[in-house]
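So the structure is just underneath, and the comments pick up after that.
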2 protein chains.
Amino acid sequence: MPMKKFINAPENLTAELLEGFALAYSRKIVLQGKTVLRAVPKSPDKVALVTLGGAGHEPALSGFVGPGMLDASVVGDIFAAPGAPAVLAALQATRREAGTLLVILNHAGDVMSGNMAFEMATQQGVKVEKVLTHEDISAGKDAPLENRRGLVGCIPLYKIAGAAAEAGKSLPEIVAIVERFNENLRTLAVALSPATHPASGGVIGQIADDEMEVGMGQHGEGGGGVMKLASADETARIMLDKLLDTIAVQAGDQLLVVINGSGATTLMEQYLVLRAVKKLLDARGLVMARSLVGEFLTVQEMGGFQMCIAKLDDELIELFDAPCDTPSLTVK
Amino acid sequence: MPMKKFINAPENLTAELLEGFALAYSRKIVLQGKTVLRAVPKSPDKVALVTLGGAGHEPALSGFVGPGMLDASVVGDIFAAPGAPAVLAALQATRREAGTLLVILNHAGDVMSGNMAFEMATQQGVKVEKVLTHEDISAGKDAPLENRRGLVGCIPLYKIAGAAAEAGKSLPEIVAIVERFNENLRTLAVALSPATHPASGGVIGQIADDEMEVGMGQHGEGGGGVMKLASADETARIMLDKLLDTIAVQAGDQLLVVINGSGATTLMEQYLVLRAVKKLLDARGLVMARSLVGEFLTVQEMGGFQMCIAKLDDELIELFDAPCDTPSLTVK
């Protein structure tokens, strides 16, 4: 069976998709090689925000470059980390006295490139701090760091860090805010149907016709939680129970809920899941203070979604609500 | 094979998805039965904009209710038109001296309910005009009206009409602007892989493993254009040639291009298609003045996309660029 995707030569895929992305948002972003930068750079007295990751997860990560979120997104090939030199170049391109925060999602290649670029930039006198997102709970709450991947939680983290930067907060202040958010951020994925790697043609995440898999990672690596297909309400309960079991919450706490479609799962289904989560939180006396629903970080046409929760406080809510203007998220 | 979707009881699907939608956007929209209204109604001295259509196409149509776009979206069950009484109620709810524009997509049920509600509202003294979108070219350029369906072109039309209304233009002025846009609006769909009706479980649009179908409608009705699967560049060329063959354009003309993912087709692929369209337009001396890329009007998890083009002039560009703030499209 041929791969059913609208592509051209697989070796040009990343370059071509970035070219199309830049055409679609020519007034918002510019391309420098495979790095996406704001069309109008942020004032140099404010902290810059840089991230990195493979292509194939559109709109992530580059869809979130713009005022109020990222200053630069360094793009790798499909599902592959960019090299350290490209990350270093982005840290140089956004260099400023206020400093730069480098956000790394916990995947081996991204961590290697991110850390290497961080070391080189520091040696070159660039003022930079880094933060690692590692909110996946599929391997259990006491799992070693390498099994706690960075999933969709990076998106609200960019939002909060970006708002703090726009507000003129210092690099140490922003690191403190981001780490406070990051500490109480948890994500769990569920997969229903597989995706096809658009360059290799390989199938990612085979799942039986009557089953779903709770714990699927960013690239469908699988977390072992194969179970019978359940309703929206029941799936939401299974996942929320697992998430809340890893975080200290008490009645009255304010939560952010993100429902992130993986690809083929409809917005319709995502709304049903959000509705179910709201009822479950209500029953526990927890407050769904804010939510995000839609496709933020996809895995090609995989069926399924990621459920992400985070504890919010008044300052985090204010930052989450602040304006931003990026290709894939605009808040007035 | 069981339906692989996260739903609950099929008979509650529309009510539950609207409930989840209203929770996700509680500060932007409110529900009145199955009608979605702006949370903060538009000033009564400005023309209101009302539309109608079945659920199951999320984010359309209700994702575009808000300042700068729609005032009300009357929602039917999955892929089914709402009844005339609900449309009439929305026309009454948004009633104002400035008048209301009712936008109807050309599908038999929507036209029947829309026209009936229009007649009843007029008899009751409501000031209302209507416009029909019918931009699908899959049945050929001389096809009878019933074969020229309303597809994703409604989204930029709402944007332009909504901006004209916010600018304080009169109902006759808005009708004239919208009809000028509508006259030069064309859409063609291509499908790669089928979807499942989420309430009935029926499969929509069977397509062979090595084929695609150009001309698929809103619900995968099919247009007869079965052909071998082609690359992004070749598919773009086939579709754009057909679209440009139905519209009078000359070098220097400014066009809007919309690439609308049907469901499973990735944003990555949509960017490749936009890139191809830009090159093809450049070669003809035509200007891609504006574009929209993403999932605006979906058909569940169907693989494929709609390509929509429209002629723009300076006034239409200004209206297209004007601010809006809806759940699924925000322009600053």
Q: Select from the range A:231-283 the residues that are within 9 Å of chain B (Cβ to nearest Cβ) and surrounded by fewer than 17 Cβ atoms within 10 Å (Cβ to Cβ) and list them in ascending order.
A: A:SER231, A:GLU234
Q.
Taking the criterion of being among the hydroxyl-bearing types (Ser, Thr, Tyr), without any contact (Cβ under 8 Å) to a residue 12 or more places away in the chain and more than 14 Å from chain A (Cβ to nearest Cβ), would at least one residue in the range B:120-137 satisfy it?
A. yes
Q: Return the total of residues in the range A:1-13 being outside any helix (DSSP H, G or I) and either facing chain B (nearest Cβ under 7 Å) or exposed (fewer than 13 other Cβ atoms within 10 Å of the Cβ) (or both).
A: 8
Q.
Could you tell me how many of the residues in the range A:301-327 are under 16 Å from the mean Cα position of the chain (by Cα), of a type outside the set (S, T, N, Q) and more than 10 Å from every other protein chain (Cβ to nearest Cβ)?
A. 5
**Q.** Whichever residue in the range B:243-275 is aliphatic (A, V, I, L, M) and part of a loop (DSSP other than H, G, I, E, B) and, among such residues, is farthest from B:GLU58 (Cα to Cα)
**A.** B:ALA251
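Does at least one position in the range A:23-30 carry a residue that is more than 12 Å from chain B (Cβ to nearest Cβ) and surrounded by 20 or more Cβ atoms within 10 Å (Cβ to Cβ)?
yes
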**Q.** Test: A:SER291 is among the small types (Gly, Ala, Ser), under 20 Å from B:ARG27 (Cα atoms) and either in a strand (DSSP E or B) or more than 9 Å from chain B (Cβ to nearest Cβ) (or both)
**A.** yes
Q: Could you tell me which of the residues B:GLU58, B:GLU16 is over 22 Å from B:ALA117 (Cα atoms), in contact with a Leu (Cβ under 6 Å, 6 or more places away or on another chain) and surrounded by 24 or more Cβ atoms within 10 Å (Cβ to Cβ)?
A: B:GLU58
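Throughout, read-outs are computed from the coordinates displayed, never taken from laboratory work. Just so we're clear, the structure is a prediction, and the values are computed from it rather than from any experiment. When we count neighbours, we look across all protein chains shown, and the Cβ atoms used for this are built from the backbone with ideal geometry, even at glycine.
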